[in-house]
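FYI, it's all coordinate maths here, none of it is from the lab. Because the structure is predicted, anything quoted here is derived from the model rather than measured. Here Cβ is always computed from backbone atoms with ideal geometry, including for glycine, and neighbour counts include all displayed protein chains.
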Amino acid sequence: MDEYDSTGEGRAARRDEAVRAAVEQGLLGPDSPVVGLLDVTGIRESAAELRAAFDEVTAPGTPVLHAFAVKAAPLVPVLRLLREEGIGAEVASPGELALARAAGLPPALTVLDSPAKTPAELREALALGIAVNADNPQELDRIDALMRSAVSRSPLGIRVNPQIGGGSIGSTSTATATSKFGVALRDEGAREWVVRAFLDRPWLSRLHAHTGSQGIPLSLMIQGVAETYTLAEEINRSIGRPQIDTIDIGGGLPVNFASDVTAPTYREYARALREAVPGLFDGRYGLVTEFGRSLLAKHGTIVARVEYAKSAGGRPVAVTHAGVQVATRTVYVPGSWPLRITAYDGKGRPKSGPEVVQDVAGPACFAGDLLAEGRALPLLEQGDHAAALDTGAYYFAHHYAYNSLARPGIYGFVPDPQAGGVRFATVRDPQTIASIVAESGGAHVGALTTLHAPGSH
């Protein structure tokens with residue numbers, strides 16, 4: 001797909017038009033001072049680029065399932081859009097499975113991964129025919145019992161941890177020596193246990209590994225896939241037949257948060273994988289991928305109204321309505337999760353003028369609630385808007401209810417040339433105050449006052 005907009009120029013232009021239109025159409029204003037915007041055109045383009053990248057390197061007829069990591073954007077309309085674009089779902093909880101099913105994802109396009117699956121979760125997945133990767137020997141024991149009681153059509157596999165090390169962000173590195181995920185292959189006896197598990201269970205047909213996501217270099221991701229492939233080959237040789245027919249290589253392609261450029265691209269990753277592990281693509285193995293952040297991040301924008309503009313210690317401070325409740329990782333760990341901020345004026349137009357070093361603060365009642373600290377931007381003034389870019393994954397869909405701040409509305413958009421503007425669709429309604437009260441035990445207001453210790457009055 002040479003036409004893919006890896007520079008991000010088209011995406012940036014659509015974003016500017018969407019911010020302006022959101023103000024003009026009343027989605028963003030004094031009574032709705034923070035919104036999430038999703039670029040539907042961009043999401044479709046990323047899905048198409050992913051499919052094309054792997055189609056280019058795999059043998060004709062190779063079954064490939066691209067399963068979107070639902071945790072990256074647990075929104076039913078997003079999952080439905082991706083389904084329309086040929087993307088399945090990787091789920092890691094009963095809630096995520098329910099979202100995928102609500103979006104119309106069939107079992108054949110769904111994969112269940114989680115380090116803490118309950119017996120009920122496993123029973124449901126196997127009854128539906130959803131693919132399951134067992135995380136550990138105890139979970140495999142549970143699957144054994146379920147398979148004895150009722151044989152399932154679910155594709156079943158084991159998740160392994162190649163223990164090849166971490167990247168620059170420890171919390172997103174899943175192949176370290178002590179990672180909580182999968183069977184740790186370099187621990188004493190572990191590799192032999194995995195081989196024996198497949199020998200003893202003819203119905204085990206998949207091998208899964210996931211090296212990590214943001215902060216993981218491509219070289220480490222590729223090493224993790226290569227070691228998983230090598231293990232699959234070893235197991236099949238031991239058995240004497242191609243029992244493992246599918247390798248789940250996980251996702252985790254890192255995102256460039258420094259500019260609009262998409263880097264690395266899916267094509268670069270797929271080509272590098274083929275060069276390093278050619279046997280993975282010769283048609284003997286089906287493939288599953290589990291990309292999340294890289295599909296959605298660059299297609300989302302949080303836009304917040306500047307409620308007040310002030311100064312402290314000689315530094316300007318723009319107090320906005322976007323902070324820890326929508327950008328939790330950035331606020332608490334800004335060194336690992338910095339966000340680009342763009343200034344728009346009161347009418348939603350890109351703001352120009354001399355850049356001024358300033359803080360962009362959120363609404364929560366603690367000093368560290370900052371989207372950006374000491375950032376050079378055109379001076380933000382009362383009534384302007386600050387936009388946090390590249391926030392389509394793990395940001396506004398993952399609300400953190402600090403100060404009982406409401407979840408913002410989320411709107412998808414496409415250019416509307418006939419109307420000369422932008423057309424929006426509601427992805428998630430803004431949260432109401434009544435909903436906040438209900439979620440905080442409003443229906444049980446007197447519950448604690450009715451409890452008395454025996455003998456008390």
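What is the calculated FRET efficiency for Glu188 to Asn403, with r their C-beta to C-beta distance and R₀ = 56 Å, to the nearest 0.05?
0.70
For Val255, Val91, what's the fewest-to-most ordering of other Cβ within 10 Å of each Cβ?
On the way: Val255 20, Val91 29.
With the fewest neighbours first, Val255, Val91 line up as Val255, Val91.
Using the Cα gyration tensor of region 1-88, with a ≥ b ≥ c the square roots of its eigenvalues, what is the shape: rounded (a/c below 1.5), prolate (a/b larger than b/c) or oblate (neither)?
It is oblate, given that a/c is not under 1.5 and a/b is not larger than b/c.
Fewest first, what order do Thr58, Thr450, Thr118 take by the number of other Cβ atoms within 10 Å? Spell out each step's value before the answer.
Numbers: Thr58 20, Thr450 7, Thr118 11.
By the 10 Å Cβ count, ascending, the order reads Thr450, Thr118, Thr58.
Among Val303, Val160, Val183, rank each residue by its count of other Cβ atoms within 10 Å, from fewest to most, as a rough exposure measure.
The most exposed by this proxy come first: Val183, Val160, Val303.
Using 29 Å as the Cα-Cα cut-off, could you pick out the over-long pairs in Lys298/Lys347; Lys310/Lys347; Lys71/Lys347; Lys71/Lys310? Show your work: numbers first, answer last.
Values: Lys298/Lys347 23 Å; Lys310/Lys347 21 Å; Lys71/Lys347 34 Å; Lys71/Lys310 37 Å.
Violating the 29 Å Cα-Cα cut-off are Lys71/Lys347; Lys71/Lys310.
Just tell me the longest site-free run in the chain, where the sites are GluC sites (Glu not before Pro) in a DSSP loop having at most 11 other beta-carbon atoms within 10 Å.
189-457
Using the Cα gyration tensor of region 298-442, with a ≥ b ≥ c the square roots of its eigenvalues, what is the shape: rounded (a/c below 1.5), prolate (a/b larger than b/c) or oblate (neither)? Walk me through the intermediate numbers first.
Details: a/c = 1.70, a/b = 1.08, b/c = 1.58.
It is oblate, given that a/c is not under 1.5 and a/b is not larger than b/c.
Could you let me know the centre-to-centre spacing of region 359-433 and region 247-290, using Cα atoms, in angstrom?
The two parts, judged by their Cα centres, are 31 Å apart.
List every residue whose amide H lies under 5 Å from the amide H of Arg315, counting only residues 5 or more places away in sequence or on a different chain, with H placed 1.01 Å from N in the peptide plane.
Amide H neighbours of Arg315, under 5 Å, 5+ apart: none.
Please list, in order along region 336-352, the HN-Hα scalar couplings obtained from phi with the Karplus expression 6.51 cos²θ - 1.76 cosθ + 1.60 (θ = phi - 60°), rounded to whole Hz, x for Gly and Pro.
Couplings: 8, 10, x, 10, 6, 10, 10, 9, 10, 7, x, 9, x, 9, x, 8, 10 Hz.
Can you give the charge dipole size of the chain about its Cα centre, rounded to the nearest 20 debye, using +1 on the beta carbon of Lys and Arg and -1 on the beta carbon of Asp and Glu?
On the way: 42 positive and 50 negative charges, 112 e Å.
Using Cβ point charges on Lys, Arg, Asp and Glu, the chain gives about 540 debye.
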